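Where a number appears in this text, it was derived from the coordinates with a stated rule and is not lab data. This one's a predicted model, so the numbers in the text were calculated from it and none came from an experiment. Every residue, glycine among them, receives a Cβ derived from its backbone with ideal geometry; neighbour counts consider all protein chains shown.
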């Protein structure tokens with residue numbers, strides 16, 4: 001079903017926009033605008049300020065890794081190892097950089113390489129040994145957590161001041177550098193999905209691996225590359241967190257809940273967990289909605305634990321309204 | 001289990017020259033049914049070599065008592081996975097059970113039984129809500145139970161102000177830590193092991209012998225076909241979530257007795273339970289799975305933790321090895337399963 005809605009050839013983005021995936025993504029943007037409007041009224045009525053830059057910055061860490069998570073979910077897989085990969089790259093970055101700007105290329109190079117290897121291992125285990133992605137990435141996540149905390153137990157090293165000033169706190173005009181990075185990652189992924197052959201292959205593999213394979217798509221290779229890309233986005237998130245905190249610590253990934261929350265953001269954005277339908281645009285809206293709500297709760301000084309409860313309710317409610325809409329549309 | 005059955009035919013047919021011995025055949029039969037039994041035997045033998053006391057009844061039963069919560073939890077999770085879903089909320093439900101019990105009992109023995117009833121009511125409500133949201137509102141169970149995980153974790157800490165308060169009574173902790181004493185030849189039979197036997201038998205019967213079980217397999221294998229043949233798919237799937245939540249309540253009561261009250265007490269249980277279900281040969285996505293191998297897969301994981309502990313690996317390395325072995329065991333089981341076909 002989903003393989004038919006996503007043509008294998010060079011489908012125009014307009015056709016895709018009009019197809020099921022496109023319209024559901026428009027829906028999530030409508031929800032986003034409503035959330036922003038209501039939040040704006042509530043926050044200003046409570047005497048708070050509406051700080052756009054703060055909200056955008058809040059969305060970056062989860063946003064970048066969620067773009068990668070979107071790709072693997074579209075391909076019919078998923079990645080629970082991203083949280084620990086975020087930790088690994090944040091810790092390695094600050095450990096290798098050790099406060100020296102001269103070490104920056106080495107540190108960034110090493111963590112990108114580590115990310116690529118982790119992604120390749122995930123992809124190969126899933127495709128060659130046919131282990132379910134849930135178990136594969138749960139296992140590789142445990143391995144990373146174990147290796148990381150056997151060597152590092154606290155904040156380790158520190159990033160170069162220049163690195164932190166640019167990626168963590170830098171501005172281009174009024175726009176934070178980190179937000180630009182997030183936007184570029186999202187734009188690159190959207191372009192890749194819409195305009196490249198790899199993008200159509202990815203949708204095809206997620207729709208049905210068997211059909212994709214029969215129509216000449218090398219589904220194993222597509223899936224491995226997708227996992228590498230997802231791991232690289234987790235590394236980018238790790239780099240950003242290290243820049244923001246000025247040092248990496250083993251708990252930054254799991255504390256941020258990047259594994260499950262990125263999956264929630266993807267589904268919130270209208271991408272089907274079963275693969276083949278959806279896109280990065282919806283995920284960006286999903287992440288922004290979570291960031292806006294987070295900001296509003298902070299402005300209203302909602303208790304941290306109550307915030308967690310509300311977040312759970314909102315994730316379920318949002319997905320429920322979305323599925324109710326698409327159910328009506330299909331009937 | 002089948003050791004009493006297996007050697008008999010070999011003795012009756014002594015003429016067949018290539019007939020493998022009883023033990024080898026037993027191993028092969030177990031391996032064919034579910035490769036996890038082979039892994040379990042290897043681990044237990046290894047543990048026995050490191051700790052010769054391990055096979056004394058008392059030590060073995062203490063090991064079973066430690067394993068009982070995760071075995072029960074995996075058994076409950078299997079219902080949800082056979083129905084085609086996930087239940088990620090069980091770990092934080094265990095935390096809720098332990099923390100709520102301590103906060104409400106406040107060490108007062110008279111409150112033990114009413115609190116037990118309250119815990120089962122909470123669990124029942126959580127399972128019902130998980131099931132109804134998943135089936136009636138058509139939210140993917142991954143998202144439903146993830147949301148429930150956040151809600152339960154946040155709510156319990158919001159309510160207790162960030163740190164668990166109160167204390168469990170001895171009566172409450174009995175189930176997790178005590179047992180029937182003075183049994184000849186064995187010593188103490190832990191209550192947890194009895195609970196495990198009762199729940200394990202009941203769940204096995206429910207999944208493999210009852211109409212509900214048949215309908216659950218049908219609903220997980222092909223919801224449309226099941227519906228057309230008259231199965232009330234939403235009702236059956238909701239019941240699966242209910243059973244999973246109730247198994248978390250039982251596991252939580254045992255864990256509370258064993259480990260005491262802490263805010264992290266249930267952490268990670270959901271992933272261990274799902275790993276056990278997959279190791280036991282069930283298929284994520286629904287329609288396939290067997291109760292007995294899954295329960296023994298959970299025991300295998302506990303044996304693995306025990307072994308890594310005995311080998312003296314530091315906690316972080318244990319996690320890393322655990323990750324590798326879970327992947328390795330799944331690769332092995334799926335390889336065996338594919339060779340059969």
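In the protein assembly as shown, the convex hull through the Cα atoms has an average projected area of 33.7 nm², a quarter of its surface area.
Annotation: for a label point projected 7 angstrom from Cα along Cα→Cβ of residue B:324, no residues of the range B:283-301 have a backbone N closer than 11 Å.
Could you order the peptides B:288-298, B:316-326 from most to least packed, using the average number of other C-beta atoms within 10 Å per residue?
Numbers: B:288-298: 24.1, B:316-326: 20.6.
For the peptides B:288-298, B:316-326, the packing ranking is B:288-298, B:316-326.
Averaging the Cα positions of each part gives two centres, and for the range A:146-211 and the range A:59-77 these lie 9 Å apart.
FRET efficiency for residue B:104 and residue B:197, Cβ-Cβ distance as r, R0 = 25 Å, nearest 0.05?
Details: r = 29 Å, r/R0 = 1.15.
Efficiency, rounded to the nearest 0.05: 0.30.
Residues A:319, B:104, A:224 in ascending order of nearby Cβ atoms (within 10 Å, fewest first): B:104, A:224, A:319.
Dividing the convex hull volume of the alpha carbon atoms of the range A:87-211 by its residue count, what do you get in Å³ per residue?
Numbers: hull volume 17.9 nm³, N = 125.
Each residue corresponds to 143 Å³ of Cα convex hull volume.
Cα centroids of the range A:98-124 and the range B:185-202: 50 Å apart. For B:55, B:37, the sequence from fewest to most other C-beta atoms within 10 Å is B:55, B:37. Which residues in the range A:245-289 place their backbone N less than 11 Å from a point set 7 Å from the Cα of residue A:197 along the Cα-to-Cβ direction? Within reach of a label on residue A:197, which here means backbone N under 11 Å from a point 7 Å along Cα→Cβ, the range A:245-289 contributes nothing. Across the range B:220-311, the mean sequence separation of Cα contacts (distance under 8 Å, 6 or more residues apart), normalised by length, yields a relative contact order of 25 percent. Let's test the formula: R0 of 35 Å, r as the Cβ-Cβ distance of residue A:54 and residue B:158. What FRET efficiency results, to the nearest 0.05? The calculated FRET efficiency here is 0.90. Look at the alpha carbon pairs under 8 Å that are at least 6 residues apart: their mean separation over the length of chain B gives a relative contact order of 32 percent.
Sorted largest first, the spans of the alpha carbon positions of the range B:135-255 along the three principal axes are 55, 46, 15 Å.
Panel values: the range A:2-330, Kirkwood radius from alpha carbon pairs, Stokes-Einstein at 4 °C and 1.567 mPa s, translational diffusion coefficient 64 µm²/s. The label point for residue A:184 and the one for residue A:130, both projected 7 Å from the Cα toward the Cβ, are 4.2 nm apart.
Reported to the nearest whole Å, the Cα centre-to-centre distance from the range B:148-184 to the range B:270-341 is 27.
I need to check one value: relative contact order of chain A, counting alpha carbon pairs closer than 8 Å and at least 6 residues apart, in percent.
Numbers: 571 pairs, mean separation 118.0, N = 331.
Relative contact order comes out at 36 percent.
Peptide B:325-334 shows a mean partner chain C-beta count of 5 within 10 Å per residue C-beta.
Over the C-alpha atoms of the range B:221-341, the Rg to Rh ratio, Rh being the Kirkwood estimate, stands at 1.04.
As an exercise, use a Förster radius of 45 Å and the Cβ-Cβ distance of residue B:211 and residue A:321 to find the FRET efficiency, rounded to the nearest 0.05. Let's see the in-between values first.
On the way: r = 35 Å, r/R0 = 0.78.
Efficiency computed from Cβ-Cβ geometry: 0.80.
May I ask you to order B:156-165, B:44-53, A:178-187, B:241-250 by the average number of other C-beta atoms within 10 Å around their residues, highest value first?
On the way: B:156-165: 16.0, B:44-53: 13.9, A:178-187: 18.7, B:241-250: 27.4.
Output ranking for B:156-165, B:44-53, A:178-187, B:241-250: B:241-250, A:178-187, B:156-165, B:44-53.
Taking a ≥ b ≥ c as the square roots of the eigenvalues of the alpha-carbon gyration tensor, the range B:68-195 is classed oblate because a/c is 1.5 or more while a/b is no larger than b/c. Only DSSP H runs of four or more residues enter the estimate; each adds -39500 (n - 2.57), and after division by the residues of chain B the mean residue ellipticity at 222 nm equals -24000 deg cm²/dmol. Taking every residue in B:154-160 and counting other chain Cβ atoms within 10 Å of its Cβ, the average works out to 5.
Take every residue in peptide B:161-168, count the Cβ atoms of other chains within 10 Å of its Cβ, and give the average of those counts. Don't skip to the answer; put the middle values down first.
Details: counts 2, 3, 0, 0, 0, 0, 0, 0.
Taking the mean over all residues of the peptide, I get 1.
Please compute, over every Cα-Cα pair in the range A:147-284, the percentage with a separation greater than 21 angstrom. Tail of the P(r) past 21 Å holds 53 percent of the pairs.
The Rg/Rh ratio of the range B:58-340, with Rg taken over Cα atoms and Rh as the Kirkwood radius over Cα pairs, comes to 0.97.
Mind sorting A:201, B:208, A:227 by how few other Cβ atoms lie within 10 Å of their own Cβ, fewest first? Could you put the intermediate results ahead of the total?
Numbers: A:201 23, B:208 13, A:227 31.
Sorted ascending by nearby Cβ count, the order is B:208, A:201, A:227.
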